[in-house]
Structures are given as C-alpha cells and as structure tokens.
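I have placed the structure first, in the form of structure tokens, so that the comments after it can refer back to it.
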Amino acid sequence: MPTRHPTAASDVIVVGAGMIGAACAYYASRAGLSVTVLDRGPVAGGTTGAGEGNLLVSDKEPGPELDLALLSHRLWLELAPALRAEAEFEPKGGLVVASDETRLDALRRFAKAQGDAGVVTVEIPGDRLHDLEPRLAEGLAGAFHYPQDAQVQPALAASHLLRAAGARLRLGEEVTALLTGPDGAVRGVRTANGSRLHAPRVVNAAGTWGGAFARLAGTELPVLPRRGFVLVTEPLPRLVRHKVYAADYVADVASDSAALQTSAVVEGTPAGPVLIGATRERVGFDRTPSTEALRRLALGAARLFPVLAGVRVMRAYAGFRPYLPDHLPAIGPDPRVPGLLHACGHEGAGIGLAPATGLLVSRFLTGTAPGLDIRPFRPERFSPELLGETA
Amino acid sequence: MPLSTPNDPGAPAGRTESYDLVVVGAGPAGLAGAVAAAERGLSVALLDGDAQLGGQFYRHPAPGLGAAAPEALHHGWAAFDALRRRWEGSGGVHLPQHHVWTVAGERAATPGAGADGASWVVHAVTGPDGDDERSVAVRGRAVLLATGAAERHLPFPGWTLPGVIGAGGAQAMLKSGLVLPGGRVVVAGSGPLLLAVASSMVTAGARVPALVEASGYLGYARRPDVLATGPGKLVEAAGLVTRLLGRGARPYPRHAVVRAHGTERVEAVTVARLDGDWRPVPGTERRVPCDAVAVGHGLVPRIDLATALGCETRRTVDGAVALVVDPAQRTSVPGLWSAGETAGVGGALLAMTEGELAGTAVAARLRGVSVARPSARTRSLLRTRARLRAFADLMAAAHRPGDGWPAWLDDDTEVCRCEEVTAGRIGEAVEDLGAGDARTVKLLTRAGMGWCQGRVCGPAVACLATRGGRGAEQRPLPASPERRSPAVPVRLSTLAALDPDPGED
Ligand SMILES: Cc1cc2nc3c(=O)[nH]c(=O)nc-3n(C[C@H](O)[C@H](O)[C@H](O)COP(=O)(O)OP(=O)(O)OC[C@H]3O[C@@H](n4cnc5c(N)ncnc54)[C@H](O)[C@@H]3O)c2cc1C
Ligand SMILES: Cc1cc2nc3c(=O)[nH]c(=O)nc-3n(C[C@H](O)[C@H](O)[C@H](O)COP(=O)(O)OP(=O)(O)OC[C@H]3O[C@@H](n4cnc5c(N)ncnc54)[C@H](O)[C@@H]3O)c2cc1C
C-alpha cells in the first residue's frame with residue numbers, strides 16, 4: 001500500500017523502479033530493511049521495458065563483470081521457483097557460433113579462459129550443430145554451448161521482484177532533490193509534487209538517467225546512453241532453441257567505438273515471437289527508426305537462421321543502455337555524499353547483473369562484507385583525485 | 001516536372017525514385033493534398049495500401065463487382081469523382097497497394113534536400129496484404145502523412161463472438177462488397193458514424209432492431225440549431241434519424257450493449273441504460289434478438305508513422321491522441337506535413353480542407369513562395385477548417401467515452417483478443433504490479449503484443465491502465481504515445497535487402 005503520509009520514513013529510498021531498483025529493493029527487504037521505491041513513470045518504464053532479458057555469462061571475458069554475472073547466475077537459481085516462473089525464467093543456454101576456423105580458434109581461446117574462471121563451456125563441432133539447433137545455417141565451422149546462459153522477461157522480472165520485496169511503491173513521482181543534513185549526510189528526497197520522504201540512505205538506481213540523478217545529488221557519475229534496436233517477429237512455432245549469436249558479438253560489447261555495431265542475438269520466446277537484438281550505437285536519446293540498424297539485424301539473423309528470411313517483423317523498438325566509460329556498473333557508496341549509494345550503469349547486462357547488484361547493495365546497507373572484490377565498481381573511480389582517499 | 005506517367009501500374013517506382021512530395025494515404029485528405037500540390041507543379045507520389053483511391057469515406061466497390069449504383073450508398077460520390085478526375089489530369093503518380101512501413105529521415109546535408117533541409121525516404125511493401133516480394137522506397141523533399149483513423153473498440157462480454165463486428169468494418173463491407181453482415185443488425189456504440197452505418201444497413205435491406213448510442217447524441221441530432229453549424233453531411237443526420245425511425249429502427253440513446261449472447265455466433269444482446277459516467281444502471285437491462293452487431297465508439301487517429309519520427313501529439317476532447325499541426329498543416333518535425341483524421345477526427349470535408357491547405361503550403365514552401373499574404377482561397381479554407389474543427393470538438397465532447405464504461409466488463413472478458421488477455425489480468429497488472437500506462441500493461445500481460453499490435457485493444461487498454469492501482473493518487477501519468485514501428489509487418493528478407501547506408505560503415 002502506498003503511504004499518504006508526506007514525511008513517512010523508511011530505512012532506504014530506491015530511486016528507479018527498473019530491474020536494478022527492483023533487485024535492490026528485494027535484497028534490502030530480505031535483509032530486514034524497510035524500503036520505499038520511487039519512479040517518475042510506471043514500473044519497468046525505462047530501459048528495463050525496452051531491452052531483452054538475456055542473462056549471459058557467455059559474452060563476458062574473465063574479470064569483474066563475469067564475477068558479477070556468475071554470482072547473479074547463482075542468485076537467479078536461488079530465487080523462489082514461483083518467482084522465477086513469474087519472471088518467465090528459462091535456463092535455455094546460449095550457443096555462440098563461429099562461421100570459419102579463424103573465428104572458432106579465437107572463440108576456443110576465449111572459452112578456455114572463461115572455463116578457468118568458472119564458466120561451463122562445451123565445444124560443439126560443426127557437424128553436430130544441428131543436434132542443438134536444427135534450423136541453423138549450413139556450413140558453420142563450429143560453436144560453443146554455454147548451459148548457464150538463461151533468459152527472463154525483464155518487465156515481469158522487475159515487477160514481480162518488487163511485489164515480492166513488499167516495498168512501498170510510489171509511481172509517477174519524480175525525485176527532484178536530495179535532502180541532506182547540516183553535516184552533508186543524506187536525509188531523504190524531495191519529489192516533483194513537493195513531498196519530502198525521509199530515509200538515511202538513498203540508492204541511485206536511475207539507470208541511463210543515473211548521471212542526471214547524481215548531479216542532482218551534488219555528485220558526479222558519467223553515465224551515457226547507448227542506443228539499441230530489437231526486432232520482434234510474428235509468433236512462430238519453436239524454431240530457435242537457444243540464444244544464438246555469432247562470435248563477433250564479443251568484440252562489439254567491449255568496443256569503444258561510437259559507430260553502429262551489430263551482431264544479431266537470435267532467440268525464441270515462450271509466447272512465440274523471435275527476438276533479434278541488438279544494435280549498439282551512441283547517438284544520444286534519439287528514438288527515430290534507423291533503417292540501417294534494422295537492415296543489419298535482419299541480415300545477421302537471416303544468415304544464422306535462413307528459415308527466418310520469410311518471417312514478418314511486427315515491431316522494432318529502441319532502448320538506451322546506461323553505460324560508463326569502462327563498461328562496468330557503479331555499485332556502492334559515494335564517498336562524496338554520505339548515505340548515497342549508486343547502482344547504475346549496467347549497460348547491456350543490467351537484467352542479468354541485477355541480483356548480484358541488489359545483493360551487494362544490501363550488504364553495503366547493512367554493513368556486511370560484500371564477499372566479492374568491489375573495487376572495480378566503485379562509483380568514485382572516474383574522479384581519480386578521490387581514489388587515494390578511499391582506497 | 002512530374003517524373004512519370006500517372007496511374008500506370010506497369011511503371012514501378014525505382015528503388016529511390018525522387019519526388020517533390022510523397023503523400024501517404026489516398027483518402028480525402030491525401031488526395032486533396034496531392035491534387036493541390038500537383039496542380040501547383042510539384043511532382044507527387046501518392047501511396048496507399050488500398051488498391052483504389054478514396055480512403056475510408058470513399059471505399060467503393062471494386063470495378064467489376066457489378067454494383068450498378070454505388071452512389072445510392074453514398075452521397076459524397078460527386079465530390080470524390082471531381083477530385084479523382086483532377087488528380088488523373090494532374091500528372092501525379094498513384095502507387096496503389098503500397099503499404100508504408102516507415103518514413104526515414106536523411107541527413108540534412110543531402111544534396112537536393114527539400115523543405116527545411118530535410119529529405120525523406122518512404123519505405124513500402126506491396127501487394128494486397130503487403131506480402132508481395134517487391135518492396136519500394138521513394139524519396140521526397142516533403143512528406144504529407146494522411147493515414148486517417150481507425151475505429152475505437154471498447155470491449156464487452158461476448159464481443160469476440162462471430163457476428164459482432166466493427167461498425168466501420170460493417171460499413172466498409174457494405175460499401176466495397178455490398179454484403180450485409182446479417183438480416184437483423186444491432187448498431188451500437190457511440191458517435192455520428194452509427195447513424196450513417198444504420199442508415200446504410202437499412203438502405204441495403206437489413207432490419208436494425210436497435211440503434212444503441214451511449215451518449216445523448218440522438219437528442220442533439222434532432223436539434224437543427226446545433227447541426228446547422230456542422231458540415232452538410234451531418235446536417236443530414238436529422239433526416240437520417242427520421243428515415244431510420246420510419247423503417248422500424250428503435251433508438252436507444254444513453255444505452256449500451258453490455259453483453260452479447262450466443263454459442264456458435266451472436267443470437268441476442270443485452271442493452272442497458274447508462275448513467276452519466278456510462279455505468280450500466282441495474283434493472284434496466286433488456287434482451288434484443290439479432291443476427292449481427294455492428295459496434296464502434298468513434299475513430300482514433302492512425303499516427304504510427306508520425307510518432308515513430310517524434311511528431312508532437314495532443315490529447316483530443318474525446319481522449320484520443322492526435323498530431324499537433326500548425327495553420328499550414330505542418331507537424332512539429334520540419335519537412336513533415338499531416339492532414340485529415342491524423343490531426344483529429346473530423347469528417348471527410350474537414351479532411352479535404354486540410355489536405356488542400358497542406359498541399360498548397362508544401363508547394364509554396366518548396367517553390368520558395370512567401371505565404372505572408374494568403375490567397376483568398378486559402379483564407380476561405382482556413383475559415384472552413386476553423387468551423388469544422390469547432391464542430392468536430394463539439395461532437396467529440398458529446399461522444400467522449402464515460403469513465404464508467406469498464407463497469408460493463410467481467411474479469412474474464414477478453415480485452416486483447418490476439419493474446420487472450422482478460423480484463424482481470426489487466427486489473428492485476430495495474431493494481432498489484434505497478435503498471436500505469438498501456439505500454440507497461442502490455443509488457444506485463446502481453447495485451448497488444450499480438451497480430452494487431454494493439455491497434456484494436458490499444459485505446460481500451462490505455463483506459464484500463466490509467467485507472468486505480470498502486471500509487472493511483474499520483475496519476476494521471478504523462479501520456480506517452482506508443483511508437484509503433486514498423487507501421488505494417490515487413491519480412492526479414494525485405495529489411496535485409498535494404499540499401500546499406502554508406503555513412504554507417
Ligand atoms: C536493446 C537493448 C537490449 C538489451 N538486452 C539486454 C539483455 O539481453 N540482457 C541484459 O541483462 N540487459 C539487456 N539490456 C540492458 C538492460 O535493459 C539495462 O541494463 C537495464 O534495464 C538497466 O536497468 P535499470 O534499472 O538500471 O534502469 P531502468 O530500467 O532504466 O530504470 C531506471 C528508472 O529510473 C527512473 N528514474 C530516473 N530518474 C528518476 C528520477 N529523478 N526520479 C524518479 N525516477 C527516476 C526511470 O523512470 C526508470 O524507470 C538491453 C538494453 C537495450 C536497450
Ligand atoms: C463507416 C464510416 C462512415 C463514415 N461516414 C461519414 C459521413 O457520413 N460523413 C463524413 O463526413 N465522414 C464520414 N466518415 C469519416 C470519413 O471517412 C473520414 O473523415 C475521412 O475518410 C477521413 O479522411 P482521411 O483522408 O483523413 O483518412 P482516410 O479516409 O481514413 O484515408 C486514409 C488512407 O490512408 C491509408 N493508409 C493508412 N496507413 C497507411 C500506410 N501505413 N501505408 C499506406 N497507406 C496507408 C489507408 O489505406 C486509407 O486509404 C465515415 C467513416 C467511416 C469509417
């Protein structure tokens with residue numbers, strides 16, 4: 001039940017009812033804290049409602065992001081089965097294909113390193129590919145199967161996590177200011193309709209708008225938008241069993257280029273439509289349709305699955321991934337504003353990384369050991385002058 | 001100079017044939033706009049998904065169906081015929097069965113860029129259902145979007161039974177194939193269209209046992225003082241009512257069909273009286289036997305192509321979303337014009353008026369003519385438009401769906417037919433899960449994700465989404481017009497075969 005009391009206090013205020021805000025609320029509640037979640041729009045109205053729900057370990061090289069992904073993978077499996085079902089969780093596995101021997105070699109090296117870091121990988125020779133994916137194109141050199149890759153429907157995942165959190169939810173309310181005390185410590189937030197909500201901790205889960213929120217809170221976080229398009233086909237019988245993508249994708253994710261990059265991830269959904277995503281471009285918040293992006297996605301998908309060529313695309317949509325310059329999220333307290341925590345900048349992996357992010361945030365909030373090396377995610381890492389003080 | 005011969009189906013537009021003006025939609029608005037621009041010397045391409053010119057209002061029998069006198073079914077024929085003849089003499093190119101799926105902006109620096117430095121590529125798939133192999137792109141220095149409107153449907157228990165059809169659909173069936181949906185047709189819903197539909201049914205030989213109108217419209221239809229300010233055709237409304245009554249049609253003002261009955265198909269409906277908010281008044285239900293129900297609640301602008309490009313929208317008096325246009329019919333996006341129902345539903349005459357204004361304005365703009373002093377014709381068109389818009393707003397206010405209409409839904413009434421989503425599930429998404437708009441309801445329930453992409457259930461879902469629920473005291477949330485793209489389905493192979501953009505490599 002939403003509270004009508006204008007000064008109602010809680011232990012934590014989470015700004016943003018996307019996947020990350022939902023996970024933060026869920027784990028904070030489970031740790032015994034009272035939580036209020038605010039969003040200027042509806043639940044999942046930001047990037048969470050405009051992306052896909054791949055929970056991938058396959059596209060991550062060994063390092064901090066993979067550690068988060070592996071932790072998340074475990075946490076997804078620990079969620080109540082009913083909650084997983086509501087989120088349409090499907091442990092379908094990923095298949096990364098290589099068109100020629102050179103690419104397969106590169107993929108093999110990549111998979112080997114991932115294996116050492118705890119990822120389960122299985123090489124599939126070219127002549128066995130059709131056992132896993134009967135409709136895959138002919139003549140591919142080979143592939144790696146990643147059984148840990150899974151999928152959820154992001155908006156359902158976020159809304160059901162929020163419901164399970166039992167947090168107070170205030171929608172349609174924009175946070176316009178951070179309230180601080182004389183000592184500079186957080187006291188709560190003010191919203192557009194003039195309400196003041198009190199809490200000693202505020203979590204910035206504002207996604208792509210996390211930079212704007214940081215500024216409003218008197219600090220800094222260089223979050224930028226990275227546009228992505230997704231194609232949705234007409235409903236089809238199950239043609240695609242795994243998440244299937246070409247090996248070049250791995251290079252795109254880590255790229256620093258602002259140009260359009262495309263490698264189609266093709267996947268079926270329980271309801272029938274096939275999703276083809278996603279492009280990556282830095283063009284600010286421009287939603288106008290890019291026929292070039294659509295062309296490349298379509299081409300990529302039809303190359304992987306020639307059977308899709310005649311299938312109709314019902315819809316194309318765009319979203320804006322929140323990215324930070326080093327492609328890692330910001331998770332943790334901001335030393336510049338005591339009481340403010342950040343949990344944003346997850347780029348193209350926020351759905352997958354949400355549970356680990358939520359758990360880490362709850363541990364910061366309760367003063368428990370994080371259980372993971374959190375230094376790579378420190379929000380102040382983009383302000384070198386601060387690093388010395390807090391290291 | 002026009003670029004190719006008009007109406008020559010054998011002359012395919014090359015992949016990127018260029019025109020001064022590309023008009024999307026060949027209804028009264030698009031046709032009038034195309035004629036005005038072509039007669040002023042612009043090269044014009046006129047694209048429509050239909051095989052024939054004329055749009056909704058002039059949807060006429062296909063040649064060869066042997067309809068001896070289509071004019072008996074509609075009175076605007078003469079005006080249409082005149083416009084069509086002018087078009088044929090104008091040198092413009094008609095591209096029938098061209099379904100436009102997107103309009104893409106080109107870089108401002110493109111040589112030969114048109115009005116306001118913009119240049120557009122209009123992409124279409126071809127064939128009766130857009131299923132042909134051939135796809136077409138035409139380039140325009142300016143684009144006029146005249147894509148009309150679609151019927152607004154409000155669900156009720158039993159509305160998915162065979163025999164329950166859209167009022168506009170029934171009319172279109174009658175106009176184009178001269179088929180009656182049944183012998184006894186209940187006509188229901190709200191809006192001036194219902195009278196036209198009932199009248200067509202009666203003229204074609206059906207019985208209309210009930211003409212059910214949710215607002216008090218039938219009352220004001222008898223008031224000549226109000227109607228006198230309206231367009232000629234609507235002045236005929238009073239006459240229509242009289243004629244209908246003479247033919248045994250029973251009017252039920254301030255009533256609604258709240259349930260359709262039947263097993264294989266509809267056999268009867270329950271009609272109930274409504275209170276001021278459109279909530280059924282208990283105890284007023286009565287059963288009316290019938291073979292078909294033609295039901296509609298007015299029209300909502302079809303603006304997918306425009307909203308995908310970020311055109312500004314406004315909420316109309318009756319709660320629909322329409323494009324914002326200026327006195328020259330320009331949208332908020334430079335180089336894009338719009339006319340007719342897209343800018344607000346207002347009837348065929350208003351559509352033609354706006355179309356001509358748009359065509360004239362585009363011609364002036366592209367030829368660099370100053371429009372500081374509008375011509376006498378333009379001034380007269382502007383006056384007509386102001387009068388018709390005011391009248392349209394009056395009608396819209398009278399027929400705005402009352403807030404209480406969802407009271408006639410059961411929890412298990414299907415609201416989205418494609419995905420079989422019930423009113424109960426939508427309620428849950430709003431009450432328990434924090435959905436506050438149509439988009440989130442869609443994400444949480446799949447309402448509007450199916451074949452029709454919410455084109456049927458969208459307005460109803462939007463209504464249900466913004467009522468009650470968690471955080472309700474903060475509502476209404478800002479209206480977020482859905483950006484539905486592509487406007488029609490496109491094959492993956494068509495997308496894959498698009499010209500690569502050299503700038504993106
Ligand atoms: C095309 C595309 C495909 C993707 N595919 C995947 C994928 O397969 N797997 C994956 O893991 N990730 C994917 N992503 C990325 C993923 O969607 C994001 O990382 C994730 O949704 C981020 O969640 P969030 O909660 O941080 O942000 P959001 O969902 O954007 O939530 C932030 C919320 O904060 C609110 N907000 C902002 N400022 C304020 C304020 N001042 N006051 C109140 N509220 C405010 C916003 O309204 C918004 O609802 C994809 C993204 C895109 C665009
Ligand atoms: C049953 C019925 C009865 C009516 N009776 C009356 C009446 O008695 N009096 C009156 O004044 N008005 C009446 N109207 C309203 C009248 O039809 C409209 O006001 C008028 O047709 C609007 O003209 P328009 O050009 O804006 O749109 P439309 O006539 O709707 O034309 C739009 C055209 O755009 C095309 N189109 C849309 N999207 C695309 C796309 N993506 N690609 C290609 N083509 C596209 C459509 O095929 C259509 O031909 C009636 C309407 C209906 C449905």
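The values are calculated or read from the model by the stated rules, or taken from the named source; none is laboratory data. In this text, all values refer to a predicted model and were calculated from it rather than measured experimentally. A quick note on method: Cβ atoms are made from the backbone with ideal geometry, for glycine too, and the neighbour counts reach across all protein chains shown. For the accessible areas, the whole protein counts, side chains as well, though only heavy atoms, and no ligand, DNA or RNA atoms are used. Shrake-Rupley method; radii C 1.70, N 1.55, O 1.52, S 1.80 Å.
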When the residues of the range A:345-375 are filtered to those that are farther than 22 Å from residue A:150 by Cα and open to solvent by less than 30 Å² (accessible area, probe 1.4 Å), which remaining residue is nearest to ligand 2 (Cβ to nearest atom)? A:361
Looking at residue A:151 and the list (1) at pLDDT 95 or above; (2) under 24 Å from the mean Cα position of the chain (by Cα); (3) open to solvent by less than 20 Å² (accessible area, probe 1.4 Å); (4) not basic (Lys, Arg), which single condition is not satisfied? (1)
Hey, which of the strands (runs of 3 or more DSSP E) in the range B:233-335, taking only ones fully inside, have at least 3 residues that are within 30 Å of residue B:378 (Cβ to Cβ)? B:299-301, B:313-315, B:321-323
Name every residue in the range A:158-182 that is within 12 Å of residue A:15 (Cβ to Cβ) and at the interface with chain B (Cβ under 9 Å from one of its Cβ atoms), in order of residue number. A:170, A:173
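From the set of residues in the range B:133-156 that are of a type outside the set (A, V, I, L, M) and under 20 Å from residue B:121 (Cα atoms), which is most open to solvent (accessible area, probe 1.4 Å)? It would help to see each step written out before you state the result.
First pass over the range B:133-156, keeping only residues of a type outside the set (A, V, I, L, M): B:133-135, B:139-141, B:147-148, B:151-153, B:155-156.
Those left that are additionally under 20 Å from residue B:121 (Cα atoms): B:133-135, B:139-141, B:147.
Working: B:133: 160, B:134: 106, B:135: 35, B:139: 66, B:140: 2, B:141: 73, B:147: 31 Å².
For the range B:133-156, the residue satisfying everything is B:133.
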Is at least one residue of the range A:85-94 within 14 Å of another protein chain (Cβ to nearest Cβ) and more than 14 Å from ligand 1 (Cβ to nearest atom)? yes
Could you figure out which of (1) in contact with a helix residue (DSSP H, G or I) (Cβ under 7 Å, 6 or more places away or on another chain); (2) modelled with pLDDT of 90 or more isn't true of residue A:289? (2)
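The rows are residues; the columns are (1) open to solvent by less than 10 Å² (accessible area, probe 1.4 Å); (2) under 11 Å from the mean Cα position of the chain (by Cα); (3) more than 30 Å from residue A:115 (Cα to Cα); (4) modelled with pLDDT under 95.
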position	(1), (2), (3), (4)
A:22	yes, no, yes, no
A:28	yes, no, yes, no
A:33	no, no, yes, no
A:38	yes, no, yes, no
A:42	no, no, yes, yes
A:46	no, no, yes, yes
A:52	no, yes, no, yes
A:56	no, yes, no, yes
A:59	no, no, no, yes
Residues in the range B:377-397 that are in contact with a helix residue (DSSP H, G or I) (Cβ under 6 Å, 6 or more places away or on another chain) and under 23 Å from residue B:189 (Cβ atoms) total 1
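Given the options A:207, A:115, A:188, A:126, name the one that is away from chain B (no Cβ under 13 Å), open to solvent by less than 60 Å² (accessible area, probe 1.4 Å) and touching a Pro at 6+ places or on another chain (Cβ under 6 Å). Talk me through it step by step, then tell me what you get.
Details: A:115 fails: touching a Pro at 6+ places or on another chain (Cβ under 6 Å); A:188 fails: touching a Pro at 6+ places or on another chain (Cβ under 6 Å); A:126 fails: touching a Pro at 6+ places or on another chain (Cβ under 6 Å).
Matching residue, one of A:207, A:115, A:188, A:126: A:207.
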Give, as residue ranges, the strands (runs of 3 or more DSSP E) completely inside the range A:157-241 that count at least 1 residues that are more than 23 Å from residue B:435 (Cα to Cα). A:175-180, A:186-191, A:196-198, A:201-204, A:224-235
Restricting attention to the range B:422-463, the residues that are crowded, with 23+ Cβ neighbours inside 10 Å and among the hydroxyl-bearing types (Ser, Thr, Tyr) number exactly 2
Of the conditions (1) touching a residue at least 24 places away in the same chain (Cβ under 8 Å); (2) assigned to a loop (DSSP other than H, G, I, E, B); (3) more than 26 Å from residue B:357 (Cβ to Cβ), residue B:133 clears all except one; give me its number. (1)
Can you confirm whether residue B:294 is crowded, with 22+ Cβ neighbours inside 10 Å, touching a residue at least 24 places away in the same chain (Cβ under 8 Å) and either among the hydroxyl-bearing types (Ser, Thr, Tyr) or within 22 Å of residue B:45 (Cα to Cα) (or both)? no
